[in-house]
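In what follows, a single structure is set out as structure tokens and then discussed.
The values are calculated or read from the model by the stated rules, or taken from the named source; none is laboratory data. Since this is a predicted model, take the numbers as computed values, not measurements. Reconstructed Cβ throughout: ideal geometry from the backbone, glycine too, with neighbour counts over all protein chains shown.
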Amino acid sequence: MRIGIDARMYGSGFTGIGRYTYELIQHLSELDNENEYIVFLRKEAFDSFKAPNDRFKKVLADFPHYSFAEQFGFPKVIKAENVDLMHFCHFNAPIFYNGDYVVTIHDLTLSFFPGKKFNSFWRRLAYRLVLKQVTKKAKQIIAVSEHTKKDLEKIMGVSGDRIEVVYNGVNPEFADSSEVKKADLMKRLGLQKPYFLYTGVWRDHKNLVGLIQAFDQMNEDLGEQYNLVITGRHNPTYHEIPDTIKSLQLEEDVHLVGMVSEDDLKALYQHALAYVFPSFYEGFGLPPLEAMQCGTPVAASNKSAIPEVCGEGNALFFDPYNVDDIREKMRMIATDASLRQRLVDHGFERVKFFSWDKMAESVLNLYKKLLNG
């Protein structure tokens, strides 16, 4: 059979979904010796993508996300490849595609936190229309957590028997000792003190302003002993992040380091005093697991899917809407070495539950079930 994979978000530039698509393709190439795969890619990824074996074919599908071209042009490209089953790895599938398909829904963030790019009535209407049609027409829906499944049932009215929960995995390479030395990393990024870490995009629901405010209060309480490192592409749309740093005079202590390489990311995790995940909403939440894999203690929000993923007792949870609570949990991790070690030990056990290999195996079994009728 010919299975299509919408890999237009393939690569590190799209963080979570890009990672999901990359790992899915890599592990399917190892697990499946029967089917052929057609991988649809945007121009940049198309040029760099190397098929893992001869059962994988790459096809250029340079259609921007959330565009008319995506809705009207992409179905024609898919149809030309005669796929028996299509897998859309994000909700932004073309609603006019009439072939059989599976769709992965990572979260319903835009239903709760539309952000600044989806702040118009028409954009929100288009989002809801696409999500409604795509989930209605899909042969099966993959949700990455029980929380996302419940959101789909509640917000979109999807029947639970059409949703299969398949957890994401964690790349075991994060457990390998980093070749990037701590002293070199600290010097290159201008870090002078032990640091707390956040990795990810800049969006409203990520609660970065709350994190910075909590860090400021904690650092002041403890005599300014720490730095805070925030990765992610600098996004001028969210100017309140650098504005908050400036207004609190934290330019020396809060470091916006932008997008980093895989090696630097692993080193940042491994050398951090703790990882902090302050989101108001997540459909899964991969970074806390990556931190646990690196042997780094985690302080995390107690909202949405985050407690489900981190598990009870494996992270120090806080209310993301309460800056004082974030501050206090960061203070506890900073000052209690035994607490940090306990979280590290529990984290190592927790990540054993998540595997990209298991994820791909579950997805492959779903393909086979649908293809065999």
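General remarks:
- So Gly285, is it in contact with a strand residue (DSSP E or B) (Cβ under 9 Å, 6 or more places away or on another chain), in the same structural domain as Leu189 (by TED's automatic domain parsing) and on the phi > 0 side of the Ramachandran plot: yes
- When Glu312, Glu290, Glu308 are checked against the criterion of being free of Cβ contacts under 8 Å to residues at least 60 places away in the same chain and either closer than 27 Å to Ser177 by Cβ or in the same structural domain as Lys206 (by TED's automatic domain parsing) (or both), a single residue qualifies: Glu312.
- Within segment 203-226, if we keep just the residues that are buried (at least 22 other Cβ atoms within 10 Å of the Cβ) and of a type in the set (A, V, I, L, M, F, W, C), the residue that is nearest to Phe284 (Cα to Cα) turns out to be Leu208.
Residues checked against (1) touching a residue at least 12 places away in the same chain (Cβ under 8 Å); (2) over 19 Å from the mean Cα position of the chain (by Cα); (3) crowded, with 16+ Cβ neighbours inside 10 Å:
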position: Tyr101; (1), (2), (3): yes, yes, yes
position: Ile105; (1), (2), (3): yes, no, yes
position: Leu108; (1), (2), (3): yes, no, yes
position: Phe112; (1), (2), (3): yes, no, no
position: Asn119; (1), (2), (3): no, yes, no
position: Trp122; (1), (2), (3): no, yes, no
position: Leu125; (1), (2), (3): no, yes, no
position: Val130; (1), (2), (3): yes, yes, yes
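- The selection criterion, being touching a residue at least 12 places away in the same chain (Cβ under 8 Å), at positive phi and within 22 Å of the chain's Cα centre (by Cα), does not hold for Gly169.
- Spans of strands (runs of 3 or more DSSP E) in segment 102-200 with at least 3 residues touching a strand residue (DSSP E or B) at 6+ places or on another chain (Cβ under 7 Å) and not β-branched (Val, Ile, Thr): 195-198
- Scanning segment 227-238 for residues that are surrounded by fewer than 19 Cβ atoms within 10 Å (Cβ to Cβ) and either assigned to a helix (DSSP H, G or I) or at pLDDT 95 or above (or both) yields a total of 2.
- All helices (runs of 4 or more DSSP H) inside segment 255-368 with 3 or more residues being under 19 Å from the mean Cα position of the chain (by Cα) and either modelled with pLDDT of 95 or more or closer than 23 Å to Trp202 by Cβ (or both): 262-271, 287-293, 306-310
- Test result for Glu262, touching a His at 6+ places or on another chain (Cβ under 8 Å), in the same structural domain as Leu211 (by TED's automatic domain parsing), surrounded by fewer than 24 Cβ atoms within 10 Å (Cβ to Cβ) and of a type in the set (Asp, Glu): no
- Residue check, Tyr367 outside the structural domain of Ala138 (by TED's automatic domain parsing) and more than 19 Å from Ala291 (Cβ to Cβ): no
- For Lys193, the requirement of being under 21 Å from Phe284 (Cα atoms), at pLDDT 95 or above and not hydroxyl-bearing (Ser, Thr, Tyr) is not met.
- Helices (runs of 4 or more DSSP H) contained in segment 1-89 and holding at least 1 residues at pLDDT below 95 and under 22 Å from Met259 (Cβ atoms): 15-31, 43-48
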